[in-house]
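Here's the structure, in structure tokens; my notes come after.
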Amino acid sequence: MKQLLTFFIALVLCFNGFAQRPFLLYSPDSALRLEIITGTQLAYKLFAGTQLLQSSSSVDLKLDNGLQLSDKLVVSMYKYRKVNELVNVAVPYRRPVISNHYQHLELIFKQPFSVEFRLYNNGMAYRIGTRFKDSIIIKYETAIFDVDSQSVVWFPHIDKRPEADRFHTSFEGIYKKELLSGIPDSMLTYAPVTLSLPNGYHLSITDANLYDYPGMFLQTANSGLQGVFAPYPLREVMTEGEFPQFMVTERANYIAKIKGTRMLPWRAVLVAKNDIDLPENDMIYLLGDPTTLTDFSWIRPGKGTDEWITGINLFNVPFEAGINTATYKYYIDFARRFGFDQVMLDAGWSDYRDLFKINPNLDMDELVAYAKKNDVKLMLWTLCSTLDKQLDAALAQFNKWGVSSIMTDFMDRDDQPMVNFYHRIAKACAEHKISIMFHGAFPPKGFNRTWPNAITQEGVLGAEWNIWSDLATPEHNVAIAYTRMLAGPLDYEPGLLLNAQKDQFRPIGKNPMSIGTRCHQLAMFVVYDSPLQIFSGNISQGLKEPVFMEFLGSIPTTWDETRILQGKIGEYIITARRKGNDWFIAGLNNSVAREIDLSFDFITEGDYKMIVCKDGLNAHNYGSDYVLNEMLVNKSTEYNLKMAPGGGFLVKLVSKTK
């Protein structure tokens, strides 16, 4: 009997020892190390060498029936594997092929849960899995990201709407930096959030691969950040006003109702030794589910015009400008002349509540025929609730009109049903071979890998905010490249042609100006990832500057290679992108004048014609001042550039070697 008891005690000790054993993962280059602890809580620590970058005291999930991942945390099986593959990017907004190289660990628990970890050379991600026969209700998920409390945080500042709960947002916050220890725990923001640690490393925290589950907000907690998820909506009402939308008036005490067996979205931490490593990080795209689409030939990247920001405030035209056939023909003529391939018909082309109730001043058949004759596609704005209601019939009509892309707007949420809306719309559009741009939207976070026809998304405080605010500052614009852009393509809609320094700036409807210089606006077309770039400037002004517009119109939107040459978060960024044999190099500056030396040592041998558009001598006073000139350069050339406050530049290198 004593021998049996001794054996039983030993078995229990061995079993408990296995339950609490640590697991180790090393990145493929061994620079990062992930320690995973399975004790009373599932926890982890992320190191670079001996330096602790980030940790979590609890990775957990609780169901409405009380069952919890952390209950009896016993690992029944674990699996290591290494992945090293190349991933083709259907719409190459940075590069056509990405290396997907990581170490993988899956922990399968005795309880019907599992957790997968991936460790890349430039980041870590984990996700929780469930193994239940029937559907389950998720009460809450615990996602904790502890870092040094003296870290500096770049995050989007959002204010609670007076008429809605705190989970209603258009995801258009201004990016500012604050000391983590000084941020109140009442602050709520959305991912991604970028942190600069005292040890010199930079992290960006986000979720990825959203599907049938709410997105992750973040708030401060203890010595870091923690995930917050919008509860499931129980009741909605349609608001009144110019752009009606569904507003949640009652939420459940749980966050999601899901299938019993599935993987939840990823929780990701991007790691950068240098500031400029962040904008080159492709990890979030790689965390998206691979697309099931096989034909991408119909997806049409390019550049388009939009008339909403300038209020169709045209001049020197022989017609009354407005939402009418003559105006959009004028936009089509402009697009064809300067190398744009799409023209947006923004809000007002149809009744907001009925896409088949066309504005009586528009002859759609005539407009469609004129666009086709000029090889320009029409892009149509829709209100999301109306599109959802009329989806199949509307897409069929858009096909008849030859529409290649549509925008849908005013979702302003990322709870579970709204996330499902994105997938439903993208799938329906793909079936009709139509690309979709989401506005009033959360960032893509891998969605564009699953649905390549989701060609870009807003989720950014962009050019339209110049109409009514002074928030689109040069600092914010630079910060976007190190924060929001890490989550995928963004629709900022740059190109405003009226430009002013901060002391002269005024928000003016129908005649908006930007803070900063003309070249600051121009540089955005290269610095910002977006395979569909929308020009927001007044085309009547553009016609008065044909050389400038021809230069802008020559910028591609998909690329063969992307490099970040120089930069510092919130201060400046210099991006180089290659299309074929030609290079486009752009710089975006904050509000401090800056001088930089540009080296061309990355280009191939031979002469290049350089066309440069840079801040004029008086751009520090008159924001629209710029200089366009040309010279011959080669890979040994060193070129000095001065950027005005809120300035920028664009260099185009055309190879002289065939």
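The values are calculated or read from the model by the stated rules, or taken from the named source; none is laboratory data. Predicted, not measured: the structure shown is a model, and the values here were computed from it. Neighbour counts are summed over all protein chains in view; Cβ atoms, including those assigned to glycine, are modelled from backbone coordinates with ideal geometry. We work out accessible area using only protein heavy atoms, side chains counted, and drop any ligands, DNA or RNA first. Shrake-Rupley method; radii C 1.70, N 1.55, O 1.52, S 1.80 Å.
Things to note:
- Over the chain, relative contact order from alpha-carbon pairs under 8 Å, at least 6 apart, %: 12 percent
- Space enclosed by the convex hull of the alpha-carbon atoms of segment 81-194, per residue, Å³: 215 Å³
- Overall dimensions of segment 503-616 as given by Cα atoms, namely Rg and Dmax in Å: 15.2, 49
- Counting Lys and Arg as +1 and Asp and Glu as -1 over every other residue whose Cβ lies under 13 Å from the Cβ of ILE434, the net charge comes to +3.
- Lysines with Cα under 30 Å of LYS176, excluding same-chain neighbours fewer than 8 positions away: LYS45, LYS160, LYS273, LYS303, LYS445, LYS502, LYS510, LYS568, LYS614, LYS642
- A simple packing score, the average count of other Cβ atoms within 10 Å per residue, orders the peptides 54-64, 205-215, 246-256 as 205-215, 54-64, 246-256, with the highest score first.
- Accessible surface of segment 458-558, 1.4 Å probe, proportion on carbon and sulfur as whole %: 55 percent
- Its residue count N fixes a reference of 2.2 N^0.38 Å for segment 599-658, and the Cα radius of gyration divided by that reference is 1.26.
- Accessible-area order (highest first, 1.4 angstrom probe) of the listed residues ASP282, ASP365: ASP365, ASP282
- Each of SER196, ALA369, LEU46 was placed along the dipole of the chain (beta-carbon charges, centred on the mean Cα), and the one lying farthest toward the positive end is LEU46.
- For segment 213-327: relative contact order, % (alpha-carbon pairs under 8 angstrom, 6 or more apart): 14 percent
- The alpha carbon convex hull volume per residue for segment 299-404 rounds to 106 Å³.
- Accessible area of segment 610-658 divided out per residue, in Å², using a probe of 1.4 angstrom: 49 Å²
- Each Lys or Arg adds one and each Asp or Glu subtracts one; over the other residues with Cβ under 14 Å from the Cβ of GLY66, this totals 0.
- The 1.4 Å probe gives accessible areas that order ILE284, ILE37, largest first, as ILE37, ILE284.
- Given +1 at the Cβ of Lys and Arg, -1 at the Cβ of Asp and Glu and no other charges, the dipole of segment 372-493 around its Cα centre is 660 debye to the nearest 20.
- Segment 70-133 and segment 290-329 have Cα centres separated by 41 Å.
- Neighbour cut-off at most 11 other Cβ (10 Å), DSSP loop, GluC sites (Glu not before Pro), segment 216-249: GLU240, GLU242
- Net charge of Cβ neighbours under 15 Å - reference CYS519; Lys, Arg +1; Asp, Glu -1: +1
- Signed unit charges on C-beta, dipole axis of the chain, positive-most listed residue MET437, PRO512, GLY488: GLY488
- Protection proxy ranking, highest mean first, for peptides 560-573, 301-314: 301-314, 560-573, where packing is the per-residue count of other beta-carbon atoms within 10 Å, averaged.
- Of all aspartates and glutamates in the structure, the ones whose alpha carbon falls short of 13 Å from that of LYS372, not counting any fewer than 8 places away in one chain, are ASP333, ASP341.
- Approximate spin-label separation ARG235-THR50, in nm, with each point projected 7 Å along Cα-to-Cβ: 6.1 nm
- Extreme residue, positive dipole direction of the chain, given options SER405, TRP349, VAL74 (C-beta unit charges): VAL74
- Rolling a 1.4 Å probe over the protein heavy atoms gives segment 437-499 an accessible area of 13 Å² per residue.
- Accessible-area order (highest first, 1.4 angstrom probe) of the listed residues ILE137, ILE128: ILE137, ILE128
- Ordering of 367-373, 489-495, 73-79 by packing [mean C-beta count within 10 Å, highest first]: 489-495, 367-373, 73-79
- The tail of the calculated P(r) for segment 277-332 beyond 17 Å holds 64 percent of all Cα-Cα pairs.
- Helical mean residue ellipticity (222 nm; -39500 (n - 2.57) per DSSP H run of 4+; nearest 500) of the chain: -5000 deg cm²/dmol
- Accessible carbon and sulfur surface of segment 302-442 relative to its total accessible area, %, 1.4 Å: 48 percent
- Whole-number percent relative contact order across segment 142-222, with pairs defined as alpha carbons under 8 Å at least 6 apart: 32 percent
- Per residue, the solvent-accessible area of segment 300-356 (1.4 Å probe, heavy atoms of protein chains only, all protein chains present) comes to 37 Å².
- Sites GLU638 and THR40, calculated FRET efficiency, Cβ-Cβ separation with R0 51 Å, nearest 0.05: 0.30
- Inter-site label distance for LEU67 and VAL87 at 7 Å from Cα along Cβ, in nm: 3.1 nm
- About its Cα centre, the dipole of the chain is roughly 1780 debye, where the only charges are +1 on Lys and Arg Cβ and -1 on Asp and Glu Cβ.
- Surface composition of segment 129-210: carbon and sulfur atoms hold 50% of the protein heavy-atom accessible area at a 1.4 Å probe.
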